[in-house]
Each structure stands twice: as C-alpha cells, then as structure tokens.
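Heads up, the thing below is written out as structure tokens.
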Amino acid sequence: MHKVYIKTFGCQMNEYDSERMAGILSGAGYTITQDEHDADYIIVNTCSVRQHAEERAISFIGAASKKHKVIVAGCMAQRLQDDIIKRFPGVKAVVGTFNFAKIAEIIKEEKRRVYAGEEQTDVFNIRPKKEGEIRGFTTVMQGCDNFCSYCIVPYVRGRERSRDKDSILEELGEMGKMGYKEVMLLGQNVNSYFDRKNSVNFSGLLREAVKVDGIKRIKFMTSHPKDLSDELIETVAAEPKLARHFHLPLQSGSDRVLKLMNRKYTAGHFMGRVEKIRELIPGCSITTDILVGFSGEEDADFLQTVQMAEKIKFDAAYIFKYSVRKGTAGEKMEDSVNEKVKLERLNNILELQKKISENMASANIGREMDAIICAPGRADRGLLEAVTDTNKTVLIPAGSGKIGDTVRVRVTGARRVMLEGEVI
Ligand code: SAH
Ligand code: SF4
Ligand code: F3S
C-alpha cells in the first residue's frame, strides 16, 4: 500500500486542510505515515503569508523532491503554480487551495501539472478521520474580502465563502461522538460568517453549536476588529460553553498606519471593543497580532503601537516583521523602514510583550477556573496539561483526572505563560 507523508506549514486552516487530505487519502486506500523517509509520496501544504514562510517551504520541497514524489499544495501552490513545476523536477503536481478535494486522483496522475482552477467539490463536506483526539478544529468560512494592503491571503484563498450551518453542525456532532471535547472554529474573518440559505450569522451559529452533544467548549478565530459586533460579545458572555477568549489582531496602534494598511478601523475603535469585551466578560483573555515595520511606519507610529500594547495588556501577541508580498497593494508602496529598524522595533515590542504576557499569567494565581485535561505533560510526565476556558495551558498533577475530563482548577503558580494548578 502506498504511503503518504504530509508536511504542513502555515496556519490552523492549513492544518485542517491537511487533515482533510489525510481523510480523503486514507479513504482511498493510502496509508498516512508520520515518517517522512518511509513515504512514497510527500504532500507539502504551504503558506505564503510572509517571505520567510515561503523560504522554509521552498527549502523543504527542494530537499524532499530529490528523493520522493512531491505534491505541493496550499497557499504558495496557489500563488506560484507553474513556477514550482519548472523549478523542481521532482515535483509531480501543484494543487491550489480550491482543488485538493481531488487529491486521491491527482496523486495517481503521471503527467506533471498544476491544478488551480475553480473549486471542484464542496470540500467542506470531507471530514477528517481521527480517533483519540480531544482538541480539534473545523473551518466555518474561508477567503477574505478585506484586502489589507500588506496581505496575500485574499489572493490565495479567494473571496469569502461561508459554509452551510448544517454541514458544520453535522461535523461537530461527529466530532462529539468521536470524543473531541474542544473545537476551534476557523475563518479568516469569522465575524463575517453568514449562511445565506438559513439566514444565520456567526452568533446564531455559535448558539446552535453549543448544543452539540459531547463538545464541551467552542473557540473561534480570527475576529476582525472592524466588525466584531456587540451581539457576538454578548453571545460569548451568555454561553458558558464558549471560551472566554478573543483573538483580535491590532496590527498597529497608529491611525495613520492603520489607514495605510487599509484596516478600516481606528485605534480608538479597537480600544472600545476591548473595553466592551472586558466589561461584559470579566477575565476574558485577549490575544492579538502586531505587524511592525510596515511601509510608512515612523518612530512616532511605532510608539503608539507600544503604548496600545502597554495599555491593553494582551494575554499574548504574535508579532511579525513586515515583508512585502508580490501582487498586494503594499507592493506598490515604498518599503520605507529599513531592515535594521524593523528588527529593532520587533525586538523592542517582543520584549515588552513577554513581560506583559508573564504578568497576565501571574495575575491568575489564586483564581479558579474550568479546564479540560488534554495531554500528558510534555516536559514532565508527573503532570497533565489542561486547557482553561481562557485558552491558557495549566499544568496539574498526574492522577488529577483522565484525558478529556473537565476539572475545576485553582491556579497556584505560573511558569512564564503557563499556569500551574490543583484540582479542587
Ligand atoms: N485573518 C487574520 C490573519 C491573517 S495572517 C487577520 O485578519 O488578522 C496572520 C498575521 O500575519 C496577520 O495578522 C499579520 O499580522 C501577519 N501578516 C500578514 N501579512 C504579512 C506580511 N506581508 N508580512 C508580515 N506579516 C504579515
Ligand atoms: Fe489578510 Fe486582512 Fe484578510 Fe486578515 S483581514 S486575511 S490580514 S486581508
Ligand atoms: Fe494560512 Fe498562510 Fe495561507 S497563514 S491562509 S496558510 S497564506
């Protein structure tokens, strides 16, 4: 039987797509192996979001395609298409983000070619087959209509498409039966989810999703700050099964830079959303993305970002250094911040955020919260890892329960951003 190894770069949506490809292929009689060297085929599911992400994928493809039959999928496949075929003789197919539903046929095809046309099948209805997992994810909408000027995603993932509510609920139901306890709903911008057929928005979807048997907690990302509605915040406040967590990317604290980025909100609007979340959902965690060194960002703009981060105190932030992406509006702007300044700003805010994240973790000491036990401790086998309803990891003594149990935990300490606790 042919063996396939899948290497995934990029975000959770790519991980979910890889799971679905694995599901399709195992259904067609292929074995999914965890050992790259033992594989007959290697599928590389790629990311295009930053230059660095592409470079990593390219070097992996270069090495793998010397020894194996390689299929390149994902966002970089969608972007570069034929260039990949030309550059790597060992690559036998390039499969865009709309076309992997046919992966079982594509893998057999001898002729080297690109598959990057229109969506062929409702790939949403292909479910991953995975047993024994506690935490999983599923896509509720994909694509993006926002066109932030730095971002490649709208070009590689296409326009926003929301998935049918019934298809999502059916998948959640199956996951519940399989033993999943926590599910993350994914979308480039979940706030603009809208199921036209049933006239259901994202809050409506969540209110139905919490009723699914077996699933104890639901999370979602990403929320775009410009259309994070009061209704959504109120829904999270009202439904105990919804995690008390928002991932709300700030990108910049300067109105001038936000405008250049085409983010369509101001720093003041962002602050207002944070205040509303904290007013209605005490203890809610808020995480963010910050992009430093965007074209036109001056010291004064960067300082405003730093001040926002100090004022808001995010529980965690993913901080990135801008890299120009071909084909975006940003490509036409002068990449005005030199590399040295970009790096200085990056390190500066990384250091600040590290302290804030640690303080935010320590602030939990003494608090009680629900946590789902999800894995044995990675570093210490005498411990179990559990995940709190604010999306933090808490380490509890082994023997406090079994994997999949929900336990009430009192936080007793913090190790950097991880919490330590005991079951009460
Ligand atoms: N849909 C999400 C995030 C998509 S990409 C949102 O709207 O926020 C994830 C993060 O990568 C972005 O939030 C941004 O901070 C970063 N990013 C996107 N394009 C980038 C680029 N050209 N260079 C560096 N970072 C980038
Ligand atoms: Fe990219 Fe902006 Fe869309 Fe997020 S909202 S995926 S950053 S274009
Ligand atoms: Fe995700 Fe990267 Fe594509 S962040 S949507 S895999 S460009």
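The values are calculated or read from the model by the stated rules, or taken from the named source; none is laboratory data. As the structure is a prediction and not an experimental result, all values here were calculated from the model. Counting neighbours? That spans all protein chains shown, and the Cβs are built from the backbone with ideal geometry, glycine included. Side chains are part of the model used for accessible areas, which takes the heavy atoms of the whole protein and leaves out ligands, DNA and RNA. Shrake-Rupley method; radii C 1.70, N 1.55, O 1.52, S 1.80 Å.
Using C-alpha pairs below 8 Å separated by at least 6 residues, the relative contact order for the chain is 10 percent. Projected over all directions and averaged, the alpha-carbon convex hull of segment 368-423 occupies 3.2 nm². For SER362 and ASP299, a Förster radius of 35 Å and the Cβ-Cβ distance give a FRET efficiency of 0.65, rounded to the nearest 0.05. In this simple spin-label approximation, SER167 and GLU55 carry label points 7 Å from Cα along the Cα→Cβ vector, and these lie 3.8 nm apart.
All C-alpha to C-alpha distances of segment 119-240, sorted into 10 Å bins beginning at zero, yield P(r) values of 13, 44, 34, 10, 0 percent in whole numbers.
Once the 1.4 Å probe is applied to the protein heavy atoms, the chain comes out at 44 Å² accessible per residue.
Here the convex hull built on the C-alpha positions of segment 3-115 has a volume of 87 cubic angstrom per residue. Here the convex hull built on the C-alpha positions of the chain has a volume of 148 cubic angstrom per residue.
Taking each residue as 0.36 nm, the span from GLU131 to MET178 lengthens on full extension beyond its C-alpha to C-alpha distance by 16.3 nm.
Beta bridges from DSSP with both residues in segment 180-296: antiparallel share about 15 percent, rounded to the nearest 5. Between TYR318 and ASN338, full extension at 0.36 nm per residue minus the direct alpha carbon distance yields a gain of 5.1 nm. With R₀ fixed at 45 Å, the C-beta to C-beta distance from ARG381 to ASN198 puts the FRET efficiency at about 0.45.
Here the chain carries DSSP beta bridges of which approximately 35% are antiparallel, counting only pairs with both residues inside. Leaving out ligands, DNA and RNA, what percent of the accessible area of segment 3-115 is carbon and sulfur, probe 1.4 Å? For segment 3-115, the apolar C and S fraction of the accessible surface comes to 47 percent. Under a Gaussian network description of the chain, with springs only between Cα atoms under 10 Å, the residue in VAL156, VAL394, VAL337 that fluctuates furthest is VAL337. Think of segment 368-423 as having a plus end and a minus end, set by charges on the Cβ of Lys, Arg, Asp and Glu; of ILE373, LEU384, GLY401, LEU384 sits farthest toward the positive end of this dipole.
Comparing GLY413, GLY23, GLY117 in a Gaussian network model of the chain, where Cα atoms under 10 Å apart are tied by springs, the biggest mean-square fluctuation is seen for GLY117.
A viscosity of 1.306 mPa s and a temperature of 10 °C, combined with the Kirkwood radius over Cα pairs in Stokes-Einstein, give a translational diffusion coefficient for segment 229-311 of 117 µm²/s. Dipole magnitude for the chain: about 580 debye, using +1 per Lys or Arg Cβ and -1 per Asp or Glu Cβ, origin at the Cα centre. Less than 5 angstrom separates the built amide H of GLU420 from those of LEU395, THR412, GLY413, ALA414, ARG415, all sequence-distant by 5 or more or on a different chain.
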